[in-house]
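Note sheet for the following structure.
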Amino acid sequence: MKRNCLLFGRRLKSCRLNKGWVLKQLAAETGLNINYLSQVERGLKNISYTNQTIVLGAMKISFADFFKVEEYQKVLPFVAKSSKNKDEE
């Protein structure tokens, strides 16, 4: 599950940055705690379906667009590297 959290978090951060938003803005738009969102983006917290709906709705991104395979392939190298570094510690 850790890898799934990392993948989701990297994709979420990528979408947020593409919109030009900082975490504070995402937190304000969603009503979710900035620390929680930061942990989700770093793959430390698993995000519920309800919160996924809130976050993606605030960013005006459909689930279909968010979960496109080709978009996840862009963040896979980072996730693989992060997972490997943590395993070495």
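We did not get these values from a lab; they are worked out from the coordinates using the rules stated. Values in this document were obtained by computation on a predicted structure and should not be read as measured data. Because the Cβ atoms are built from the backbone with ideal geometry, glycine has one as well, and the counts that use them run over all protein chains shown.
Using amide H atoms built 1.01 Å from N in the peptide plane, name the residues 5+ places from residue 43, or on other chains, whose amide H lies under 5 Å from its own.
HN-HN under 5 Å from residue 43: 9.
With a sphere of radius 15 Å drawn around the Cβ of residue 30, what net charge do the other residues whose Cβ falls strictly inside it have (Lys, Arg +1; Asp, Glu -1)?
Charge balance in the 15 Å sphere: +4.
Which length gain, in nm to one decimal place, applies between residue 68 and residue 34 when the Cα-Cα distance is subtracted from 0.36 nm times their residue separation?
Taking residue 68 through residue 34 to full extension adds about 9.7 nm, to one decimal.
What pairs from 2/60; 2/24; 2/74; 24/68 go past 21 Å between their alpha carbons?
Over 21 Å Cα-Cα: 2/60; 2/24; 24/68.
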